[in-house]
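Notes to accompany the following structure.
Just so you know, all these numbers are worked out from the coordinates, no wet-lab data involved. Source: prediction; values computed, not measured. Cβ: placed from backbone, ideal geometry, glycine included. Neighbour counts: every protein chain shown.
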Amino acid sequence: MNWITKIIKAGEKIKTAIHKRASKDDIAKSDWTSCCKGPILKKDLENNLFVCPDCTKHHRINPNQRFDILFGKNNYEIFKTPIPNDDPLNWTDSKSYKDRLKSARKKTGLNCSMVVASGSMNSIKLTAIASDFDFMGASIGAAEGEAFLYAVQHAIENKQPLMVVSSGGGMKMQESLISLSQMTRTTLAINELKSNNLPYLVLITDPTAGGITASYAMLGDIHIAEPGSLIAFAGKRVIQGTVKEELPENFQTSEYVQKTGFIDLIVERKDLVEKIGTLLSILLKKNSVINSEENETSEDNQSLTKAAS
């Protein structure tokens with residue numbers, strides 16, 4: 001090998017090293033992430049509730065991080081929920097469903113994408129559900145359905161409101177109709193919760209789509225969303241190809257969905273505890289203003305009754 005060939009080969013190695021992309025594992029283990037202005041320390045992002053200080057993008061967070069924000073760090077109880085048959089259909093595509101579940105569990109440390117917890121907000125005990133998008137896109141299968149029903153049962157037995165933090169791309173194709181049946185099961189469970197006069201709040205986060213949007217994410221007494229969240233059923237390109245016309249730039253964002261009447265409030269992450277706490281106080285009639293007004297109404301009614309007699 002002559003010196004020219006050596007130089008060319010060395011140059012190719014340098015070029016390859018420069019352009020080699022970091023693996024997902026390398027990115028996950030890094031102390032840095034990226035946003036509008038480039039690299040940002042994950043610690044700095046965490047200190048700002050995982051919200052970019054420059055563009056205010058609300059980054060995706062896992063259930064533990066979500067509960068830390070809503071209830072206070074480690075100030076909540078996480079429940080172990082039932083796990084049914086992992087692979088009822090023996091599904092295999094490019095890899096087996098069991099292998100996908102194994103990878104997701106190793107990555108997240110969870111048995112399924114839904115986590116159920118109980119904590120206090122504004123001195124009100126409530127049951128909460130949050131999903132981890134890193135667990136197969138937080139798609140819904142039998143295990144998630146069992147977790148949801150467990151949360152509803154816990155809320156009813158303990159007379160607590162239920163709050164769901166929705167996230168995910170829909171139903172698991174690996175479980176076919178078993179997955180789709182979770183839309184019905186969660187809907188029936190919500191109806192049971194409401195028949196017990198318990199509030200059901202939904203906090204919609206990025207992204208919420210597919211069968212999740214078509215079921216429990218849109219059945220709340222009040223719907224709250226974080227800014228800039230994707231809220232959809234079908235994808236934007238699918239809809240655009242169907243209607244054959246250009247769609248608004250902010251189509252399917254929480255801001256657009258609020259204008260069309262599906263979202264009641266858009267609340268920044270830093271304000272969630274205060275807003276949700278106030279709403280729960282009103283719904284449960286623990287608000288001092290409501291109580292005083294009710295007392296005044298009751299006294300007026302008693303006065304009228306005495307006068308009539």
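Between the range 173-200 and the range 133-162, the alpha-carbon centres lie 9 Å apart.
Highest mean packing first, where packing is the average number of other Cβ atoms within 10 Å per residue, the peptides 246-255, 177-186 line up as 177-186, 246-255.
Could you tell me the ratio Rg/Rh of the range 164-289? Both radii from Cα atoms, Rh via Kirkwood. Can you show the working numbers first?
Numbers: Rg = 16.0 Å, Rh = 15.8 Å.
Dividing the radius of gyration by the Kirkwood radius yields 1.01.
Students often check this: by mean Cβ neighbours within 10 Å, which of 96-102, 108-114 ranks highest, and how do the rest follow?
On the way: 96-102: 16.0, 108-114: 20.9.
Answer by packing, highest mean first, reads 108-114, 96-102.
Note on K236 and S94: the extension gain reaches 48.5 nm, defined as 0.36 nm multiplied by sequence separation minus the Cα-Cα distance. Identify the residues of the range 174-203 with backbone N under 17 Å of a label point that sits 7 angstrom from the Cα of K159 along the Cα-to-Cβ direction, or state none. Only 193-200 fall inside the zone, counting backbone N under 17 Å. In this simple spin-label model, placing a label point 7 Å from the Cα along the Cα-to-Cβ direction at both M173 and D134 gives a separation of 2.5 nm. The orientation-averaged projection of the convex hull spanning the C-alpha atoms of the range 61-297 amounts to 14.5 square nanometres.
Global dimensions of the range 53-112 from alpha-carbon coordinates: Rg and Dmax equal 16.2, 47 Å.
When you restrict to C-alpha pairs under 8 Å that are six or more residues apart and normalise by the size of the range 156-289, the relative contact order lands at 22 percent.
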